[in-house]
Amino acid sequence: MPARTAFRLYLITDRRLAEANGGLLSVIERALHGAVAAAPPGAVAIQLREKDLEARALVELGAALRRVCASCRAPLIVNDRIDVAIALGADGVHLPAQSFSPADARALLGPSRLIGVSAHRPEEVAAASAAGADFAVFGPVFDPLSKAVDTTPTGAAGLAAACAAAPLPVYALGGITAARIRVLRAAPEFTGGPAIAGAAVIGAVIGAGDPAAAVRDLLAALT
């Protein structure tokens, strides 16, 4: 896995889910402190994904989140909004399926920032790799913990096919827990083939009573 995508856990924000857990900034700070105690710096990356916020509110939230991430040396990646990523000095941008192409995003962001993509089929992983993306988030692998989706879960077989589709780090998304990570890593579909680069989660950490412990469990399962 390239050093520029050295994170193992990709934590996606959901401020509404975090409201009952002390608020988003508190949850992220606790989660990152858990990572500091369990793994080298940079093992967890944060994706700012609050699609309903307008630009100014998103920048204000992102600036506060950037300070939390900087204190723990965690990369901050902004969902979809390249303008907000640039304004924040974020480490990269995450492109949903119908967003900019990775090549167009690269032209705007330059060579140093990370570009991630969402993918639901192995061929989308291959296309993202060819277009210059740095990593892909693939799913749903299982039924999500935090929201309902119409897409049928791919299971280990679909995830393994995505990992084999291109030389691109692939992060498993959808219903991910520490126990399920262990199941995936032991699945026969991954015998002798490429392994997952890590996991992307929302509810497993944002909705956890102890975000720090949740992060430690997930990182242990990924190690």
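Take the conditions among the β-branched types (V, I, T), in contact (Cβ under 8 Å) with a residue 40 or more places away in the chain, surrounded by 15 or more Cβ atoms within 10 Å (Cβ to Cβ) and in a helix (DSSP H, G or I) and apply them to V141. Does it pass?
Numbers: among the β-branched types (V, I, T): yes; in contact (Cβ under 8 Å) with a residue 40 or more places away in the chain: yes; surrounded by 15 or more Cβ atoms within 10 Å (Cβ to Cβ): yes; in a helix (DSSP H, G or I): no.
Taking the combined requirement at face value, the residue does not satisfy it.
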Qualifying position, being small (G, A, S) and at pLDDT 95 or above, among A148, A131: A131
Breaking point among (1) part of a helix (DSSP H, G or I); (2) closer than 27 Å to D210 by Cα; (3) not aliphatic (A, V, I, L, M), for D83: (2)
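Does A136 satisfy the condition of being in contact (Cβ under 8 Å) with a residue 24 or more places away in the chain, assigned to a loop (DSSP other than H, G, I, E, B), buried (at least 21 other Cβ atoms within 10 Å of the Cβ) and not acidic (D, E)? First the steps, then the outcome.
Working: in contact (Cβ under 8 Å) with a residue 24 or more places away in the chain: yes; assigned to a loop (DSSP other than H, G, I, E, B): no; buried (at least 21 other Cβ atoms within 10 Å of the Cβ): yes; not acidic (D, E): yes.
Taking the combined requirement at face value, the residue does not satisfy it.
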Search result, residues across segment 37-60 that are in contact with a helix residue (DSSP H, G or I) (Cβ under 9 Å, 6 or more places away or on another chain), surrounded by fewer than 20 Cβ atoms within 10 Å (Cβ to Cβ) and in a helix (DSSP H, G or I): A37, A38, A55, V59
Where a residue in segment 160-188 is free of Cβ contacts under 8 Å to residues at least 24 places away in the same chain and its partner, wherever it lies, is among the β-branched types (V, I, T), with Cβ under 7 Å and at least six apart: none
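Scan segment 153-189 for residues that are aromatic (F, W, Y) and surrounded by fewer than 18 Cβ atoms within 10 Å (Cβ to Cβ) and jot them down.
To start, the set of residues in segment 153-189 that are aromatic (F, W, Y) comprises 171.
If the condition is that a residue be aromatic (F, W, Y) and surrounded by fewer than 18 Cβ atoms within 10 Å (Cβ to Cβ), then no residue fits.
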Candidates G209, G192 - the one that is in contact (Cβ under 8 Å) with a residue 24 or more places away in the chain and not in a helix (DSSP H, G or I): G209
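Residue-wise test of (1) buried (at least 23 other Cβ atoms within 10 Å of the Cβ); (2) not hydrophobic (A, V, I, L, M, F, W, C).
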{"site": "A90", "(1), (2)": "yes, no"}
{"site": "H94", "(1), (2)": "yes, yes"}
{"site": "S99", "(1), (2)": "no, yes"}
{"site": "D104", "(1), (2)": "no, yes"}
{"site": "R113", "(1), (2)": "no, yes"}
{"site": "S118", "(1), (2)": "no, yes"}
{"site": "P122", "(1), (2)": "no, yes"}
{"site": "A127", "(1), (2)": "no, no"}
Single residue of segment 1-27 satisfying the filter (in contact (Cβ under 8 Å) with a residue 60 or more places away in the chain and within 10 Å of P211 (Cβ to Cβ)) that is surrounded by the most Cβ atoms within 10 Å (Cβ to Cβ): L11
In segment 147-189, the residues that are part of a helix (DSSP H, G or I) and in contact with a Pro (Cβ under 7 Å, 6 or more places away or on another chain): A161, A162, C163, A164
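The values are calculated or read from the model by the stated rules, or taken from the named source; none is laboratory data. A quick note: this is a predicted structure, and the numbers were derived from the prediction, not measured. Cβ coordinates were reconstructed from backbone atoms using ideal geometry, including for glycine residues, and neighbour counts include every protein chain displayed.
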